[in-house]
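Okay, so here's the structure we're looking at.
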Amino acid sequence: MTTSPVSSVANLETPLKFAYWVPNVSGGLVVSTIEQRTSWDFEYNKKLARIAENSGFEYALTQTRYAASYGADKQHEATSFSLALLGATERLNIISAVHPGMWHPGVLAKFIITADHISGGRAAVNIVSGWLKDEFINFGLEWLEHDERYVRTEEFINALRGLWTQQNYSQSGKYYNIKDFTLNPAPVEVPGRAHPEIFFGGNSTAAQAAAGRTADWYFSNGKDLEGFKENIAGVRAAAATVNRVPKFGLNGFVISRGTEAEAKETLREIVAKAHRPAVEGFAAAVKEAGQSTKDGKGMWADSTFEDLIQYNDGFKTGLIGTPEQIAERIVEFKKIGVNLMLTAYLHFQEEVEAFGREVLPIVRELEADLARANGTELNTALLPATNFEGAAL
């Protein structure tokens, strides 16, 4: 395969981190009638979380949605579901996706502090500005146009960080005004972590700028190598203006099979069995996202019908093939600056475990080889523990 040169922003010493999408939504993670041995209920997800943390995963991201979307008719609320998963696990960091405009930052800050104490410092948030207009309008909430949503989001994140790290915090802005407020207790003190981690989702120019100035992690929809290089450059340029260095996460839908032909046949079947009305309805709804921006850039702005079958563009990342091919592809993304891979699957419980058994060991070998080839060593002390006997429980 063609390999990329190592970017100056790549962190070769630190092992890649891995996360999975929590399937707290009915219908699985592709809008297709293909069999998906995945359930949205809590018992399934509790077992999945334990499998994941025993298989080398360090994070899980719980999705947020209030109105039915992309063919799903049921979905659990993200923060409460995340809290339950934190209680069911020992090491896994659980990221709750939340919308500014649905929450006041002070209320969310307090909730996450409590979740952080319950879990021993494993609570995190993913701030997504929101693209589904009907959710806001039908709730009677203010709907903001695209770039203005990111103005509010930036204020929201600043408020979260301020309330988590300062006493008598004050902030005066267009959307949030906070005066001399202290939250006690503070978040749990975790070595190397200033406060609960703040992830930020969005692909547009406005999203990249806001993420660079405020977020700890930037999450992107699925992208190929060149596309994600552009996202990294945009976020880092904004971060440089305020002397920040965010980390980068990328979404990818994994189809790992014994042969490349088998993996491609699974993708072909997913597409052939797409739920066309649901995908087309989703395509119409997301015009409020990237396609509505001034420069036409952002989430789903250039997505095809096939891309939208996996509603976070997961096919674009190209994690489809044998375990060896997928591991090689993942390390190519590390070379351009990716720090975390956010993954999804057709059959979550068995495929998350298989990913840990079959793909991750190859990734770790390739990471170690890459580090040595560039005059350094992979810090294996940072690798998460695995326990495949525990994963089977």
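The figures follow:
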| quantity | calculated |
| --- | --- |
| Considering residues of region 38-52 that are of a type in the set (D, E, K, R) and over 23 Å from Ala385 (Cβ atoms) only, the residue farthest from the chain's Cα centre (by Cα) | Glu43 |
| Phe248 buried (at least 19 other Cβ atoms within 10 Å of the Cβ), at pLDDT below 95 and not small (Gly, Ala, Ser) | no |
| Region 309-324, subset within 19 Å of the chain's Cα centre (by Cα), modelled with pLDDT of 95 or more and in a loop (DSSP other than H, G, I, E, B), residue surrounded by the most Cβ atoms within 10 Å (Cβ to Cβ) | Leu319 |
| Cβ pairs under 6 Å, 6+ apart, first in region 137-160 and in contact (Cβ under 8 Å) with a residue 60 or more places away in the chain, second assigned to a loop (DSSP other than H, G, I, E, B) and surrounded by fewer than 22 Cβ atoms within 10 Å (Cβ to Cβ) | His146/Thr293 |
| Answer residue from region 22-41, given it is crowded, with 24+ Cβ neighbours inside 10 Å and not in a loop (DSSP other than H, G, I, E, B) and is modelled with the highest pLDDT among those | Val22 |
| Scope region 161-212; condition outside any loop (DSSP other than H, G, I, E, B) and among the charged types (D, E, K, R); matching residues | Arg161, Lys179, Asp180, Arg193 |
| Selection within region 325-340 - closer than 13 Å to Gly249 by Cα and either part of a loop (DSSP other than H, G, I, E, B) or in contact with a Gly (Cβ under 6 Å, 6 or more places away or on another chain) (or both) | Ile336, Gly337, Val338, Asn339, Leu340 |
| Residue list for region 325-350, restricted to those being surrounded by fewer than 24 Cβ atoms within 10 Å (Cβ to Cβ), within 25 Å of Val128 (Cβ to Cβ) and out of contact with any helix residue (DSSP H, G or I) (no Cβ under 8 Å at 6 or more places or on another chain) | Asn339, Leu340 |
| Residues located in region 140-158, provided they are farther than 17 Å from Trp217 by Cα and in a helix (DSSP H, G or I) | His146, Asp147, Glu148, Arg149, Val151, Arg152 |
| Subset of region 170-227 [in contact with an Asp or Glu (Cβ under 6 Å, 6 or more places away or on another chain), buried (at least 20 other Cβ atoms within 10 Å of the Cβ) and either among the acidic types (Asp, Glu) or without any contact (Cβ under 8 Å) to a residue 60 or more places away in the chain (or both)] | Asp216 |
| Residue ID - farthest from Ser8 (Cα to Cα), chosen from residues in region 359-377 that are within 24 Å of the chain's Cα centre (by Cα) and buried (at least 17 other Cβ atoms within 10 Å of the Cβ) | Val359 |
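The values are calculated or read from the model by the stated rules, or taken from the named source; none is laboratory data. Small disclaimer: the values here were computed from a predicted structure and weren't measured. With ideal geometry, Cβ positions are generated from the backbone for all residues, glycine too; neighbour counts draw on all protein chains shown.
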